[in-house]
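> I have a structure here, written as structure tokens, and I will follow up with some questions on it.
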Amino acid sequence: MTLGTHIVVAGAAGAVFIGNPIAGLFAAIVSHFVVDAIPHWDWPICSIEKTGERCTDGVVGNNKRAILRDFFIAGLDSFWGVVVLGLTASYFNISIVSPWFIAVVIGGILPDGLQFLYFLYRKEPLTTIQRFHGFMHTNIKIPSERFIYGPLLQLPVVLIALLVFFAVA
């Protein structure tokens, strides 16, 4: 799943625990692994790709251009998730600077952030976390050669998460 989708789903999972940032963080982390088990599309992470198959301009590997692109895409992706979750939370008078909101946003994307650290430092406990992340992650990838189809395929997951948030909060 994309980071934005993880953030929105994390908010829905943590909605039961509004006002309790620790429980919200835990629910958000669990939600990450649960939705990663659903067949989905992911952004190509060109800075760790070995071939240019998924990186259309052919810039792959550990170089400045690929790393900057990956951080830009991750930032943009996270931004839309924070905006959607923030608008939803504001409906319930929850501030985006509240400890609960910050906890669910961090918890929703933490496993992917730890995965990034794992690629830099292949040491414990990152190795065990990466192994668990890989175990929970589906092996069924939804291919998409066109940019727009992959994110659109996650729209139903986002809509269901928003419905859950409104039902629970």
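> Taking the condition of being modelled with pLDDT under 90 and in contact with a Phe, Trp or Tyr (Cβ under 6 Å, 6 or more places away or on another chain), how many residues in the range 15-64 meet it?
Total meeting the criteria: 1.
> While we're looking at this one, here's another question. Can you name the condition, by its number, that ASN139 falls short on among (1) touching a helix residue (DSSP H, G or I) at 6+ places or on another chain (Cβ under 8 Å); (2) at pLDDT below 95; (3) polar (S, T, N, Q)?
(1)
> Sort out which residues of the range 72-98 are closer than 18 Å to ILE109 by Cβ, of a type in the set (Phe, Trp, Tyr) and either surrounded by 12 or more Cβ atoms within 10 Å (Cβ to Cβ) or modelled with pLDDT of 95 or more (or both), and write them in order of number.
PHE79, TRP80
> From the list ILE129, ILE109, ILE102, which residue is without any contact (Cβ under 8 Å) to a residue 24 or more places away in the chain, in a helix (DSSP H, G or I) and closer than 18 Å to LEU25 by Cα?
Details: ILE109 fails: without any contact (Cβ under 8 Å) to a residue 24 or more places away in the chain; ILE102 fails: without any contact (Cβ under 8 Å) to a residue 24 or more places away in the chain.
Matching residue, one of ILE129, ILE109, ILE102: ILE129.
A quick yes/no check of all residues on (1) over 14 Å from the mean Cα position of the chain (by Cα); (2) surrounded by 13 or more Cβ atoms within 10 Å (Cβ to Cβ); (3) under 18 Å from TRP80 (Cβ atoms):
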position	(1), (2), (3)
PHE101	yes, yes, yes
LYS123	yes, no, no
PHE135	yes, no, no
ILE148	yes, no, yes
ILE160	yes, yes, yes
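> Can you pull out every residue in the range 9-53 that is over 20 Å from LEU163 (Cβ atoms) and assigned to a helix (DSSP H, G or I)?
If the condition is that a residue be over 20 Å from LEU163 (Cβ atoms) and assigned to a helix (DSSP H, G or I), then PRO21, ILE22, ALA23, LEU25, PHE26, ILE29, PHE33, ASP36 are the ones that fit.
> Name every residue in the range 132-169 that is in a helix (DSSP H, G or I) and within 21 Å of SER47 (Cβ to Cβ), in order of residue number.
Within the range 132-169, HIS133, GLY134, GLY150, PRO151 meet the criteria.
The values are calculated or read from the model by the stated rules, or taken from the named source; none is laboratory data. Remember, predicted model here, so these are calculated numbers, not experimental data. Quick reminder, even Gly has a Cβ in these numbers, built from the backbone with ideal geometry, and neighbours come from all protein chains shown.
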